[in-house]
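Novice: This is the structure I have questions about; it appears just below.
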Amino acid sequence: MTKRNKILLAIALILVAIQLIRPARNNGEAMGPNDISKAYQVPAEVHTVLQQSCYDCHSNKTNYPWYANIQPIGWWLQSHINDGKRHLNFSEYGTYAEKKAKHKFEEIEDAAANGWMPMESYLWMHPETKLTPDQSKAIAQWAGALK
């Protein structure tokens, strides 16, 4: 076996081996007792958009795409989800102190008004989650009224 073939075999074995190391999944309850819709008035139109475009990264329940099963992509994806939940978790919004909740509403308003969310890296594979101008405006107005 040539040196090149040994290297290719080693790489292949490593790629197979890392498939066995899987990150913990975000498979909790999206709409539990602390969900934002239980703590605040959320218009149905806004809540639908939040669920379709935001909850995968900002709730306790992610609908994983097929490619999340391929490592190291799955690790990277789970890292983004964990980071998103650290910044804002709609499933736990009811547990936020009033000051924190108001600040998060300001951030939601800014993100919607400026088109910062969903992230471009998410939109590449999920273009259907891109907010329309009307959806962005509705979210920004709703969040702005609550801040």
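Novice: Looking at Asp56, Asp83, Asp134 in this structure, which one is under 11 Å from the mean Cα position of the chain (by Cα), among the acidic types (Asp, Glu) and either over 30 Å from Ile14 (Cα atoms) or surrounded by 15 or more Cβ atoms within 10 Å (Cβ to Cβ) (or both)?
Specialist: Answer to the selection: Asp56.
Novice: Can you say whether Glu29 is within 17 Å of the chain's Cα centre (by Cα), in contact (Cβ under 8 Å) with a residue 60 or more places away in the chain and exposed (fewer than 14 other Cβ atoms within 10 Å of the Cβ), as far as the supplied structure shows?
Specialist: When the stated conditions are applied, Glu29 passes them.
Novice: Quick one: what pairs do we get from region 93-108, first residue surrounded by 12 or more Cβ atoms within 10 Å (Cβ to Cβ), second assigned to a helix (DSSP H, G or I) and of a type outside the set (Val, Ile, Thr), C-beta under 6 Å, 6+ apart or different chains?
Specialist: Tyr93/Ala39; Gly94/Lys38; Gly94/Ala39; Phe105/Ala143; Phe105/Leu146; Ile108/Ala143
Novice: Could you list all residues from region 103-147 that are among the β-branched types (Val, Ile, Thr) and over 18 Å from Cys57 (Cβ atoms)?
Specialist: Once the filter is applied, which keeps residues that are among the β-branched types (Val, Ile, Thr) and over 18 Å from Cys57 (Cβ atoms), region 103-147 yields only Thr132.
Novice: Please indicate, with yes or no, whether at least one residue in region 50-63 is without any contact (Cβ under 8 Å) to a residue 24 or more places away in the chain and outside any helix (DSSP H, G or I).
Specialist: Looking through region 50-63, at least one residue is without any contact (Cβ under 8 Å) to a residue 24 or more places away in the chain and outside any helix (DSSP H, G or I).
Quick note: the coordinates plus some simple rules give every number you see, no bench work behind them. Computed from a predicted structure; not experimentally measured. All Cβ positions, even for glycine, are placed from backbone atoms using ideal geometry, and neighbour counts span all protein chains on display.
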